[in-house]
Amino acid sequence: MCDTPTQPHCNPNARYRTFDGSCNNLRNPLLGTPVQPQSRFLPPEYVGDIDLPRTKSLQNERLPRVRPTSNTMNSKNQGTCLDDVTVAVLSWGTLVVRDTLETPSTSIKLSVKRAYNVLAECFHINVNDDDPYFNVTCLDFVRASPILADQCRPGRRQQINQLNSYLDASQVYGLSEADNDKIRVYRGGLLKVNNDNIPDKQDSQSIDEIITQTAFFRLHNIYAKQLSHFNPFWNDEKIFQETRKIIGAVVQKITYDEYLTTFLNDETREKYCLKSSCRQYDETEDPQLRVGYSVAAGRFGHSRIPPLQRFVNNILRVLPGPTSPSLLKQLVDDILQEKAGCVDR
């Protein structure tokens, strides 16, 4: 049984983005919305041309084993850090990914699945006895959840993006009215924060993400109060949406004109219109993220994350990790209140 997505009714004169990215393209309102197939730079290469992973090269030679390949590559580069940037660059890269991409994994119970399904969804990784990191015989590897690229028509396996593909600060505001409702005060356009001025809702996996998310919650509330002051006749919804528009622009401006400049030269950014000054809009362009980005290009910073991040005070004395709410608040406050360049050096 296949469910065809309902086409939303779009208002061509709408002033604000939808939360799920629909209606960004008026000709095809569902482009870039959640739960859509990821695009590809090249067609997939599956065994049987449907969905089974390849085990041989195009020359029909068996592909090298994963763990020895990984160990060989990483033995020559033990977490080498970029010399001219700080870990803040990697943190921003994480924000960009979490704002635009989430690929769900298949949920499978081996005891109840047929043999073919097990092979299709699980692709375990063998581990050598002398592996320097793992003392097991194999590692579980569950594949990304499948989706058909063309609605209900049979075809090659594709991967899902659960988020909308637009860089619109949805990591802050959510993907739906229901998500957004959880963080709204519904007074003065403000977002919910606790007594320590930290978001009530934390959907983050690391201290870097917590700091970044907290910064944008606080920035939203600062701008909302300023807009309310200068526009006393605006209601809550107007203040919220105008502030949300500004925060989205801030995220895009930093991404295109500061983050991308750390590893892409001007010629490349100009060629692919990766600058905030670009005003080109092509309604025929598919905004959905590519699989090559989701599994490789968008993850390049993972190998550059230092194995240990130390937190220091204003006299460079190493602090313990943020194990308590009070210490977390102190850490967040110290970083957000410092002038640019003070903390990361």
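The values are calculated or read from the model by the stated rules, or taken from the named source; none is laboratory data. All of these numbers come straight from a predicted model, not from anything done at the bench. Glycine gets a Cβ as well: all are built from the backbone with ideal geometry, and neighbour counts include every protein chain shown.
Numbers below:
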item: Among residues of region 66-106, those that are modelled with pLDDT of 80 or more, more than 15 Å from Asp208 (Cβ to Cβ) and surrounded by 13 or more Cβ atoms within 10 Å (Cβ to Cβ), counted; result: 10
item: Residue match in region 24-36 (condition: of a type outside the set (A, V, I, L, M, F, W, C) and touching a strand residue (DSSP E or B) at 6+ places or on another chain (Cβ under 8 Å)); result: yes
item: Qualifying positions in region 1-60 - within 30 Å of Ala249 (Cα to Cα) and hydrophobic (A, V, I, L, M, F, W, C); result: Cys10, Ala14, Phe19, Cys23, Leu26, Leu30, Leu31, Val35, Phe41
item: Helices (runs of 4 or more DSSP H) completely within region 203-290 that count 3 or more residues being within 27 Å of Thr33 (Cβ to Cβ); result: 207-230, 236-254
item: Counted residues, region 277-294 - those being surrounded by 14 or more Cβ atoms within 10 Å (Cβ to Cβ) and not aromatic (Phe, Trp, Tyr); result: 8
item: Options Phe216, Phe233; residue that is modelled with pLDDT of 95 or more and of a type in the set (Phe, Trp, Tyr); result: Phe233
item: Any hit, region 131-145, residues being assigned to a helix (DSSP H, G or I) and of a type outside the set (Gly, Ala, Ser); result: no
item: Which listed residue is without any contact (Cβ under 8 Å) to a residue 40 or more places away in the chain, touching a strand residue (DSSP E or B) at 6+ places or on another chain (Cβ under 7 Å) and closer than 24 Å to Val193 by Cα, from Asn221, Asn235, Asn231; result: Asn221
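Yes/no matrix, rows are residues, columns are (1) among the basic types (Lys, Arg); (2) touching a Leu at 6+ places or on another chain (Cβ under 7 Å); (3) at pLDDT 85 or above:
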site	(1), (2), (3)
Lys238	yes, no, yes
Ile246	no, no, yes
Asn265	no, no, yes
Glu283	no, no, yes
Ser294	no, yes, yes
Gly301	no, yes, no
Ile335	no, no, no
